[in-house]
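Below is one structure, written out as structure tokens, with a few remarks after it.
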């Protein structure tokens with residue numbers, strides 16, 4: 001395994017570094033953006049030890065690995081996945097609200113399934129027009 005590959009495996013928060021890089025790359029100067037992202041991570045204590053001791057290797061790795069289009073696609077995919085999860089949870093909550101309103105299941109059963117507090121669940125029932 002090359003030094004770059006080994007470093008990539010050992011960098012637990014590589015994604016954080018790339019996210020910072022993505023945020024820094026508004027001026028389309030990748031080298032400057034990498035330097036700013038690395039410095040920001042060091043200041044915030046993110047990967048501090050690795051970045052301080054292997055800063056040049058990290059810089060070179062990021063310079064050769066960073067593909068902004070691919071990164072944007074990954075971020076969009078993560079957003080879609082997150083939205084899907086939220087939608088499924090909201091659908092479950094709505095279904096449970098309907099079942100509770102029809103007295104098919106108890107409030108306690110619904111709360112156990114969805115993980116909401118009774119107050120939160122009652123608020124959802126009201127949102128769906130299922131309150132009494």
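You can think of it this way: the chain between residue 111 and residue 131 has 5.6 nm of extra reach, that is 0.36 nm per residue less the Cα-Cα gap.
Quick one: if the Förster radius is 30 Å, what FRET efficiency do residue 55 and residue 75 give, using the C-beta to C-beta distance and rounding to 0.05? About 0.75, to the nearest 0.05. In this simple spin-label model, placing a label point 7 Å from the Cα along the Cα-to-Cβ direction at both residue 99 and residue 82 gives a separation of 2.9 nm. Using a simple spin-label model with pseudo-atoms 7 Å out from Cα toward Cβ, residue 122 and residue 39 lie 5.5 nm apart. Take the Cβ atoms of residue 30 and residue 90, set R0 to 25 Å, and the FRET efficiency comes out at 0.05.
None of the figures in this text is laboratory data; all of them are computed from the coordinates on show. In this text, all values refer to a predicted model and were calculated from it rather than measured experimentally. Every residue, glycine among them, receives a Cβ derived from its backbone with ideal geometry; neighbour counts consider all protein chains shown.
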